[in-house]
Amino acid sequence: MAAMKSDPVLYVFDLDGTLADTAGDLMGTLDHIMLGEGFAPTPLEDSRSLLGAGARALIVRALEAQDKEVSPERLNDMFERFLAHYETRIADESRLFPGVVEALDALEQRGGLFAVCTNKVERPAKLLLEKLGVADRFAFICGQDTFGIAKPDPRPLLKTIEAAGGEVRRAIMIGDSKTDIATARAAEVPVIAVDFGYTDLPVSEYAPDRIISHFSELPDAAAAFFAASEGGKDDVMAG
């Protein structure tokens, strides 16, 4: 059944590697923690395979890359200190990817609504978006701890859609990784992937519905998808 023209589309974005290039600040914080614990720093070029599942997973992956393991108590301490240090430099190097603001403007003109669903902890996620000047563009910002559930479990995405005032049938996920695509699939929500984010394999390997290489492509990619799935481009352009 085609959606009514008055129904808005809710665009749910991942954050790290999708909306913003945050690798410099995340990996810089990781090195600060790892060096303080007597471990080696992690090369920035390894960030694509380490980022995307949240800070705790980032620390674990960095340790595993060095064939190291720590106790749960020590890991928790490293995680808490990671969060504290990260907030002191959260936007020193992080920037929105080119075209993000313009894409949000174009989609908003079509009646689109926006939300964020990230595996970043909620507090730094909101702080980062504030520092980048776009926090007020999102009806709801979901972090890994918001509902106590992390992606790729579909529940954070489904709960985000509900909290943002959207409907699953008129929602679309925009992400950069296997995790985002798996989350969207489990929630039965279409997914557009960016090909410039944090993933160790080309994002095409995970078969998203569509792939974009620049945010200028997002409005047409979303419109084309809903036009194909609902049988009428006019509905999408109005939503």
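List the longest stretch of the chain that has no exposed loop site; here a site is one of the GluC sites (Glu not before Pro) assigned by DSSP to anything other than H, G, I, E or B, with at most 12 other Cβ within 10 Å.
For GluC sites (Glu not before Pro) (loop position, at most 12 other Cβ atoms within 10 Å), the longest site-free span of the chain is 70-187.
Give me the extension gain from residue 110 to residue 75: residue separation times 0.36 nm, minus the current Cα-Cα distance, reported in nm with one decimal.
Details: separation 35, 0.36 × 35 = 12.60 nm, distance 4.55 nm.
Taking residue 110 through residue 75 to full extension adds about 8.0 nm, to one decimal.
Pull out a ≥ b ≥ c, the square roots of the eigenvalues of the alpha-carbon gyration tensor of the range 97-171, then state rounded if a/c is under 1.5, prolate if not and a/b is larger than b/c, and oblate in the remaining case. Can you show the working numbers first?
Values: a/c = 2.20, a/b = 1.21, b/c = 1.82.
Oblate, because a/c is 1.5 or more while a/b does not exceed b/c.
Got the relative contact order for the range 52-183 handy, in percent, Cα pairs under 8 Å and 6 or more residues apart? Walk me through the intermediate numbers first.
Numbers: 124 pairs, mean separation 30.0, N = 132.
Reported as a whole number, the value is 23 percent.
Using only Cα atoms, tell me the angle between helix 55-65 and the longest principal axis of the chain; keep it within 0 to 90° and round to the nearest 10.
The angle comes out near 60 degrees.
What is the angle, in °, between the Cα long axis of helix 122-131 and the longest principal axis of the Cα atoms in the chain? Nearest 10 is fine, range 0 to 90.
Helix 122-131 sits at roughly 70 degrees to that axis.
Mind telling me which of 24, 112, 38 comes out most flexible in a GNM of the chain, alpha-carbon contacts under 10 Å?
38
Excluding residue 206 itself, what net charge comes from residues whose Cβ is under 12 Å from its Cβ, given Lys and Arg +1 and Asp and Glu -1?
Working: positive: 178, 185; negative: 176, 180, 195, 200, 205, 209.
Net charge around residue 206: -4.
Find which of 106, 85, 201 sits farthest along the positive direction of the dipole of the chain, computed with +1 on the beta-carbon of Lys and Arg, -1 on that of Asp and Glu, about the Cα centre.
106
What nm value, rounded to one decimal, do you get for the distance between residue 168 and residue 84 when each label is placed 7 Å out toward the C-beta?
4.2
If you add up the charges near residue 87, with Lys and Arg at +1 and Asp and Glu at -1, over every other residue whose beta carbon is less than 12 angstrom from its beta carbon, what do you get?
Value of the local net charge: +2.
Dipole of the range 4-64, Cα-centred, from +1 at each Lys and Arg C-beta and -1 at each Asp and Glu C-beta, to the nearest 20 debye?
About 200 debye.
Scale the Cα Rg of the range 18-123 by the rule-of-thumb value 2.2 N^0.38 Å and send over the ratio, two decimals. Numbers along the way, then the final one.
On the way: Rg = 16.0 Å, N = 106, 2.2 N^0.38 = 12.9 Å.
Here the Cα radius of gyration is 1.23 times the empirical estimate.
On a 0 to 90° scale, report how tilted helix 100-109 is relative to the longest principal axis of the chain, with both axes built from alpha carbons and the result rounded to the nearest 10.
The helix 100-109 is inclined about 30 degrees to the chain.
A short reminder: the numbers here are calculations on the coordinates, not readings from a lab. Small disclaimer: the values here were computed from a predicted structure and weren't measured. A quick note on method: Cβ atoms are made from the backbone with ideal geometry, for glycine too, and the neighbour counts reach across all protein chains shown.
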